[in-house]
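One structure is given below, encoded as structure tokens.
The values are calculated or read from the model by the stated rules, or taken from the named source; none is laboratory data. Values in this document were obtained by computation on a predicted structure and should not be read as measured data. Glycine also receives a Cβ, built like all others from the backbone with ideal geometry; neighbour counts cover every protein chain displayed. All accessible areas refer to the heavy atoms of the entire protein, side chains included, with ligands and DNA or RNA removed. Shrake-Rupley method; radii C 1.70, N 1.55, O 1.52, S 1.80 Å.
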Amino acid sequence: QRLQSIGEARILLNGPLEVAATTLAYAPPRLPLGRLPWIAAGVLAAGFAVAGAGWWRSAHPADPPLKPLVRLDVDLGSDVSLDVERGTNAILSPDGMRLVYLSQQRLFTRRLNQPKASELAGTDGAYAPFFSPDGLWVAFFAQGKLKKISVEGGAAIALCDTRGIGTGSWGEDGNIIVSHTTPGALSRIPSAGGTLTPVTELAQGEVAQRWPQILPGGKAVLFTSSATGNAWDGASIEVVSLVDRRRKTLQKGGTYGRYVPSFNGRDGHLVYVNRGTLFAVPFDVETLAVRGTPSPVLEEVSYSPSFGYAQFDFSQKGTLVYRSSRAEGSRLTIQWLDSAGKMQPLLAKADTYQSARLSPDGQRLAISISDVWVYEWQRD
């Protein structure tokens, strides 16, 4: 496990910029920033870590993959406020070249070889996005509907009505598997739209089936099963055959199971999260069976024990994008926000800001950064 170069030490020392909190303070309408009232809002200094195909090296240092580990932090900018609560907020295209993320309940897309992101218009209220197999479309849930939109933009297309918190997976055969009710099982709908048809039924003592993933070949689906619906560390990773509807438990005590294809000519892996640690175990997609004992791959992965989702995604090439929980809620910028949603920088440098409060005349901002500070914004 010896470091091969000093550059690897720098990788270990540099952590991603992570934030997930927002604080608000009201400014009176007479504030001289325009005709509309403004507020001072803490905004996410958001970032994701992207790891190349060598992510498995940490679990098997004596058995290196064919590709070297490549890691970088993607800073999404001070005007990005990543949404949580209802699913993964950043996903990778199957080829690993495009990142789609949620900010202020709208979808944005950015190719990793380009410096800027662009908004996908018409995605207000979006959550839980997922790619089509060819990477040309993104499906998402919004306003009680399952929708899809081209990654190049254009109008969002409604596919069906949904209830509750929706999750889904888009198969190679043109069908989408969704879960959108609690209690509730899995359903299927054509990617062109239509009527939801049942795929599974709840077993005795089972409350929710969420976070489906259609396996390669389209003959089976991974999903997470919960007996409580709100304590997902105690959930189990299940697989169901779409041919004969038989299902079995692959792993107890985990959530957000995902299949990662092999990138070194060997078996793929089943990966899942338990208490913030990403685990992996070899998985045969033909026999639908795991082999061996799960190994920890990555610690401090952001996840929700109450809803069961985790903040990571894999491409078919083995690239991993994830959000660390280590610094969540700690680094914020402060912005002026008007009633139309337009923002202007107030304190653009990210720091551990908390409890922002404006003076009655709107000329000073009291804020906690370990100590309490007063910022006179007009004089900076």
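Points to keep in mind about this one:
- Counting charges near Thr249 (Lys, Arg +1; Asp, Glu -1) among other residues having Cβ under 14 Å from its Cβ returns a value of +2.
- The largest accessible area among Lys147, Lys317 belongs to the first residue in Lys317, Lys147, and the rest follow in falling order (1.4 Å probe, all chains).
- Here the Karplus relation 6.51 cos²θ - 1.76 cosθ + 1.60, evaluated at θ = phi - 60°, turns the backbone of the stretch 364-380 into coupling constants of 9, 10, 8, 8, 9, 9, 6, 9, 8, 10, 10, 10, 8, 5, 5, 9, 6 Hz, with x for every Gly and Pro.
- The distance linking the stretch 150-180 with the stretch 276-325 is 23 Å (Cα centroid to Cα centroid, whole angstrom).
- Cα-based reach from Lys342 at 30 Å (exclusive), listing lysines while leaving out same-chain residues under 8 positions away: Lys116, Lys145, Lys147, Lys148
- Accessible area of Asp173 in the full protein assembly, 1.4 Å probe (Å², nearest 10): 100
- Accessible-area ranking of Arg86, Arg246, Arg291, Arg188, largest first, probe 1.4 Å: Arg246, Arg291, Arg86, Arg188
- Interchain or long-range residues, amide H under 5 Å from Leu215's placed H: Ala220, Val221, Leu222
- Computed Kirkwood radius, in angstrom, where 1/r is averaged over Cα pairs of the stretch 280-320: 12.5
- Electrostatic dipole magnitude of the stretch 71-196 [Cβ: Lys, Arg +1; Asp, Glu -1; Cα centre; debye, to 20]: 140
- Heavy atoms of Met343 accessible to a 1.4 Å probe, total area in Å² rounded to 10: 50
- Each Lys or Arg adds one and each Asp or Glu takes one away; over the other residues whose Cβ falls under 14 Å from the Cβ of Ala231, this sums to +1.
- Test item: Cα-centred dipole of the stretch 225-277, Lys/Arg +1 and Asp/Glu -1 on Cβ, debye: 100
- Trp377, Trp232, ranked by accessible area, largest first (probe 1.4 Å): Trp377, Trp232
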